[in-house]
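What follows is a single structure, written as structure tokens, with notes after it.
What follows draws every value from the coordinates through simple rules; no lab data is involved. As the structure is a prediction and not an experimental result, all values here were calculated from the model. Positions of Cβ are generated from backbone atoms using ideal geometry, with glycine treated the same way; all protein chains shown enter the neighbour counts.
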Amino acid sequence: MSNDSIEILTIPSLQAKKEKKEKIVALTAYDFPIAKIIDEAGIDLILVGDSLGMVVLGYENTIPVTMEEMIHHAKPVVRASKRALVVGDMPYFSFHLTIEESVFNASRFLKEAGTKAVKIEGASKRRLKLIETLVEAEIPVMGHIGLTPQSIHHLGQYKVKGKEIGEAKKIVMDALNLERAGVFSMVLECVPAQVARIITEKIKIPTLGIRAGPYCDGQILVFHDLVGLSDGHIPKFVKKYIDLNQIIREAVKNYVEDVRGGMFPDQNHSYHLKQEKIEELIKQRARK
Ligand code: KIV
């Protein structure tokens, strides 16, 4: 595909996909090479998620992730993405400050990293007010409800939200409030498929599901889960398309064996001097 014929994803074109009933496909990315591959493979939306903390930086949860880390990783993702809409995830305590400080932090994603939008977890009254202010400041916002991983200490564990009627009703209400506050799309994480369906049918903006069943307008996954690079247990909702962990282990084991056994580097992987240069070198050394 030439650069001229690339369909560059914008917020209106993403929203039009819902009207046309075209599924939106989204993934996370945290660096240049992976963002380039997934952008060229046709992903519509790339989220520089704060899952960065767990899958790349080795933190236990997303709480320690800082604005500096997010901006640092969002920059190369933006540089690599020619087609996809890139969204930066606001890390914990970057938007729990005063409205002014929170808006300033969100603006850093657009001004310094070059993302087109930010994502914010939650739909409390205070959060909705902040979202309205961000939208008014020309900062597009993606919502995130259901399981919100930044609330891990309140939740105790990552588990399905909305299994009981009261909780399901609250999630539907949160979705309606977020739409009213002006988000352009929202992530529904870890909710029963039927709850995701009700929301997707009730609102006009696209829903992106993760552990939310088949009825959302699109799907988002953590890249490292999709390719089998995540450490430890892979939950039921993840479809692992390749086991890169195993493939990389095998490649590194072979490299270790080759180097230790003197098979690598061999002549085929070395640079060589022309014969006359070798002779000149020998002569010069003999003269010394
Ligand atoms: O941080 C992240 O990767 C996310 C997705 C799981 C939606 O928020």
**Fill in**
As straight-line cross-link partners of K111, the qualifying lysines (C-alpha separation under 24 Å, not fewer than 8 residues apart within one chain) are K36, K75, K82, K119, K129
**222 nm mean residue ellipticity, helices alone, for the chain (DSSP H n ≥ 4; -39,500 (n - 2.57); rounded to 500)** = -12500 deg cm²/dmol
**Message:** I want to verify a result. In a Gaussian network model of the chain, Cα cutoff 10 Å, which of these has the top mean-square fluctuation: D44, D217, D231?
**Reply:** D231
**Request:** Compute the projected area of the convex hull of the Cα atoms of the stretch 124-246, averaged over all viewing directions, and report it in nm² to one decimal place.
**Result:** 8.4
**Fill in**
For F184, F223, ascending order of other Cβ atoms within 10 Å (fewest first) is F184, F223
**Request:** For the stretch 139-153, just list the computed ³J(HN,Hα) in residue order, Karplus coefficients 6.51, -1.76 and 1.60, θ = phi - 60°, integers in Hz, with x standing in for Gly and Pro.
**Result:** 10, x, 10, 9, x, 7, 10, x, 6, 10, x, 5, 9, 3, 6
**Complete:** Of all chymotrypsin sites (Phe, Trp or Tyr not before Pro) in the stretch 2-104, the ones in DSSP coil with at most 10 other Cβ atoms within 10 Å are none
**Asked** Can you pull out the trypsin sites (Lys or Arg not before Pro) in the stretch 217-257 that DSSP calls coil and that have at most 12 other Cβ atoms within 10 Å?
**Response** K236, K239
**Calculated Rg and Dmax of the stretch 73-143 using C-alpha coordinates, Å** = 11.8, 36
**Asked** What's the center-to-center distance, using Cα atoms, between the stretch 127-163 and the stretch 212-288 in Å?
**Response** 38
**Asked** Looking at the chain, do any whole DSSP H helices span at least 15 angstrom along their long axis by alpha carbon and average -1.0 or above on Kyte-Doolittle, and which?
**Response** 67-80, 125-136, 165-181, 244-260
**Asked** What is the fewest-to-most order of V78, V195, V259, V160 by other Cβ atoms lying within 10 Å of their Cβ?
**Response** V259, V160, V78, V195
**Message:** Using amide H atoms built in the peptide plane, which far-off residues or other-chain residues are under 5 Å from L221 H to H?
**Reply:** A26, L27, T28
**Message:** Neighbour counts of other C-beta atoms within 10 Å: give me T207, T28 arranged from fewest to most.
**Reply:** T207, T28
**Request:** State the Cα centre-to-centre distance between the stretch 14-48 and the stretch 58-75 in whole Å.
**Result:** 21
**Cut-off 12 Å between beta-carbons: net charge of the residues surrounding G146, Lys and Arg +1, Asp and Glu -1** = +1
**Prompt:** How far is it, in nm, from the label point at I6 to the one at K111 when both lie 7 Å from their Cα along the line to the Cβ?
**Reply:** 2.7
**Fill in**
Per DSSP, the loop-located trypsin sites (Lys or Arg not before Pro) within the stretch 77-154 having at most 13 other beta carbons within 10 Å are K82
